[in-house]
Structures are given as C-alpha cells and as structure tokens.
C-alpha cells in the first residue's frame, strides 16, 4: 500500500515537474527566414523590455507584450510567422505602433533585417551610424504624406498639417534595440 502511494506521488510530482519544464510553442523559435530576413526570436517583454522613444506608454507594453500580439491572428498562429505582414494602418495609436515596431525590430537578428522590413513599408529608407562617437546604429523609414498619404491612423489635423512621417530604430553597437521613434514633421 505504501509503495503504491509513493509511486502515485512520484508520478504526480514527475508530471508537475514536466509541466513546469514545458515551454509554450509561442516561445519556441528556431531562427527562420521571413520576407525581410532572419527572425532570431519572437521578442517579448521578458526578452527585451519595451523602451519607448517618445513617451513612457507602459500600457502598450502590456497590450502588445509579445511580437505575435502585433500580427493578425491568422499569421500569429503559424509556425513561422512573417513579420512583414504587420499592417501599420491597423495600429490603434502611434504608441501602439511604436511598441509593435520595437517588438519586430527586437525579433530580427540584425539591423539590416529590420532595414529590409522597412523597405516593405516605406518608400524611402536609410541607415547609418550615430550617437556619441558613432557607437549607435539606426535604420529609418520615411513617407511623404502629401504623396503617399499617412502610413498609420491619425486624426484629421495630422492629415492636414503633417508633411512627412518617420519610423526610426536605434541600435547599440551590439545590435540591441535601444529605442523606436514614430513621428511626423511639418
């Protein structure tokens, strides 16, 4: 009787340990290629906490805690989702867009992969060194709003007033995403 109880207890503990050791398929990423480049990881708040470039909107870090939260449901359930399918026009706000671009940039292996991602979105892209002593790297996309329209949702005043829209991503010398800036200029 005691042996049976101990055996049942050991089996239950073993299953619990196995359950704790299991990792969600959502978190398992073997590097793969999508349309823009190498997706090295599916970035989330635990891998690289969100750092806002223009304002500390922490609620968006919770709403879009994982890069897959930014994609359509149909794309997010795929084994190898294509991050270029992210639709800028579906972002509920500029801050949500900034958060999702941060997650996407942190998912790609290199800034060049993110530059390729921007090429699928923006008519004008650039990259280069910046920061103190050229220790940082940036990739940037730019839209002429008068020619192409606003690339993400905005209010009527922005459509009337703004000339250009920009997305800029700053990287450290080790290719870690530092900040994302989403802004317009007049």
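The values are calculated or read from the model by the stated rules, or taken from the named source; none is laboratory data. Predicted, not measured: the structure shown is a model, and the values here were computed from it. Note that we place each Cβ from the backbone using ideal geometry, even for glycine, and neighbour counts take in every protein chain shown.
Applying the selection to region 18-46, what residues are under 25 Å from residue 178 (Cβ atoms) and modelled with pLDDT under 85?
Across region 18-46, the qualifying residues are 27, 29, 45, 46.
Return the pairs, sorted by first residue and then second, in which the second residue is at pLDDT below 90 and part of a strand (DSSP E or B), the first residue lies in region 165-182 and is surrounded by fewer than 18 Cβ atoms within 10 Å (Cβ to Cβ), the beta carbons are less than 6 Å apart, and the residues are 6+ apart or on different chains.
166/183
Residue 55 passes all but one of (1) modelled with pLDDT under 85; (2) outside any loop (DSSP other than H, G, I, E, B); which number fails?
Of the numbered conditions (1) modelled with pLDDT under 85; (2) outside any loop (DSSP other than H, G, I, E, B), the odd one out for residue 55 is (2).
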